Amino acid sequence: MTIGICAPSRAIDRSTADHVLAISGTSHPEAELVFHEQCFAGHGHFAGPDIQRRDAFVELANDPEVDAIWFARGGYGACRIAGESVAMLGDAACSKSYMGYSDGGNMLAALYRAGIGQVAHGPMVADIGRTGGDTAIARALDWLLDRDPQSLAAGLEPDTPYAAFNLMTFAMLVGSDLLPDLAGHVLVLEEVDEHLYAIDRAFFAVTNALAGKGLKGIALGRVSGVPENDIDFVMTAEEIAQSWCARSGIAYAGRMDIGHDADNKVVPFGSR
């Protein structure tokens, strides 16, 4: 199986790619990982200019010899190319799997909105740099290669459609032409390195935009690395989620095992 790797947001360095290749060669020798040269490109904050990032994704997605697309890392930049990229995809792109999270959620949203491929929120290549990152890499490959149920977040109901995103990324998607129809879905949201007031602000935006749109519920992933505020915000992240769900009439669906860490489990979009 051939897995194409590109970087719609920020770049990785070659040592990261070499590390992942070494791990996959031992743990998943049946996988051929193909790192597009664009993964190592530099253009200020981005892994190359918008056109270069777009064209790398489109090239891999439209290649009939590539079975899956794995995003190298997050950061910022995918929203600048997601809509245009998906509009350039052909038939070969429709049979692929696509995996990423964080800023890569922009790509996942655009693909899911267009009904292209099997989209999943799950570990990325750059997670090898986290403590326990080798486990995250193995989990991602287990799902991409074999749809291993052990890779999935616990509690996913087989007949319920899901979609999972970073909270801030999703809050920016709301109202854009990348947002998919999530009627009937459980929306899973996670966050990292944001103050509680910013989390509250984002939940205000998300729940107000989705109220009355048929969402089945919102589940909360891990909210980690919360900076200490100069004044106690009083509410926890879960209390914030519960409060805005209650105020908007959206069901709160509990916790889910995803987040910006090596324990990040896989959440396929749609129902299984």
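Could you check how many percent of all C-alpha pairs in the range 207-272 are farther apart than 15 Å?
61
With an 8 Å cut-off on Cα pairs and a minimum separation of 6 or more residues, tell me the relative contact order of the range 103-220 in percent.
Computed value for the range 103-220: 27 percent relative contact order.
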What is the percent of Cα-Cα separations in the range 122-193 that go past 20 Å?
-> 45
Helical mean residue ellipticity (222 nm; -39500 (n - 2.57) per DSSP H run of 4+; nearest 500) of the chain = -10000 deg cm²/dmol
The Cα radius of gyration of the range 69-180, divided by 2.2 N^0.38 Å with N its residue count, comes to 1.05
What does the highest-first list of 202-211, 162-171, 244-253 look like by mean Cβ count within 10 Å?
-> 162-171, 202-211, 244-253
For the range 15-97 the translational diffusion coefficient, Stokes-Einstein from a Kirkwood Rh over Cα pairs at 37 °C and viscosity 0.692 mPa s, in µm²/s, is roughly 237
Would you check the accessible area of Cys79, probe 1.4 Å, heavy atoms only, in square angstrom rounded to 10?
-> 60
Each label sits 7 Å from Cα toward the beta-carbon; between Ile231 and Lys213 the label points are separated, in nm, by 3.1
Over the chain, what relative contact order in percent results from Cα pairs under 8 Å that are six or more residues apart?
-> 18
Going 7 Å from the Cα of Ser27 in the Cα-to-Cβ direction, what parts of the range 135-154 have a backbone nitrogen less than 11 Å from that spot?
-> 135-143
Computed accessible area, Lys265, all protein chains, 1.4 angstrom probe, square angstrom = 40
At 1.4 Å probe size, with every protein chain present, just tell me what the per residue accessible area of the chain comes to in Å².
-> 41
Asp200: accessible area at probe 1.4 Å, nearest 10 Å²?
-> 30
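How long are the three semi-axes of the equivalent ellipsoid of the range 88-131, in whole Å, if each is the root of 5 times an eigenvalue of the C-alpha gyration tensor, listed from largest down? Walk me through the numbers on the way to the answer.
Numbers: eigenvalues 102, 22, 12 Å².
Equivalent ellipsoid semi-axes, largest first: 23, 11, 8 Å.
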Using the Cβ atoms and a cut-off under 15 Å, what net charge is assigned to the surroundings of Ala251, where Lys and Arg are +1 and Asp and Glu are -1?
-> +2
Over its alpha-carbon atoms, the chain yields an Rg and a Dmax in Å of 17.7, 55
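Scale the Cα Rg of the range 34-80 by the rule-of-thumb value 2.2 N^0.38 Å and send over the ratio, two decimals. Provide the component values of the computation, followed by the final result.
Values: Rg = 10.6 Å, N = 47, 2.2 N^0.38 = 9.5 Å.
Cα-based Rg divided by the globular estimate yields 1.12.
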Non-local residues with an amide H under 5 Å from the amide H of Gly221, with H modelled 1.01 Å from N and Pro and chain starts lacking one, are Leu189, Glu190, Met256
Determine the gain in length on full extension of the stretch Asn62-Thr2; use 0.36 nm per residue of separation and subtract their C-alpha separation, reporting nm with one decimal.
-> 20.3 nm
Return the FRET efficiency for the residue pair Ser224, His45: r is the Cβ-Cβ distance, R0 is 35 Å, and the value is rounded to the nearest 0.05.
-> 0.95
Could you tell me what percent of the accessible area of the range 100-246 is made up of carbon and sulfur, with a 1.4 Å probe and every protein chain present?
-> 50
Distance in Å, no decimals, from the C-alpha centre of the range 147-163 to the one of the range 23-88 is 25
To one decimal place, what orientation-averaged projected area in nm² is obtained for the convex hull of the Cα set of the range 163-272?
-> 6.8
Order by protection proxy (mean Cβ within 10 Å, highest first), peptides 131-141, 186-196 | 186-196, 131-141
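Placing +1 at every Lys and Arg Cβ and -1 at every Asp and Glu Cβ, with all other atoms neutral, what dipole size does the chain have around its Cα centre, in debye to the nearest 20?
Values: 19 positive and 36 negative charges, 118 e Å.
With Lys and Arg at +1 and Asp and Glu at -1, about 560 debye.
The values are calculated or read from the model by the stated rules, or taken from the named source; none is laboratory data. Being a predicted model, the structure only gives us computed values, none of them experimental. No Cβ is skipped: glycine too gets one built from the backbone with ideal geometry, and neighbour counts run over all protein chains shown. Just the protein is used for accessible areas: all its heavy atoms, side chains included, with ligands, DNA and RNA removed. Shrake-Rupley method; radii C 1.70, N 1.55, O 1.52, S 1.80 Å.
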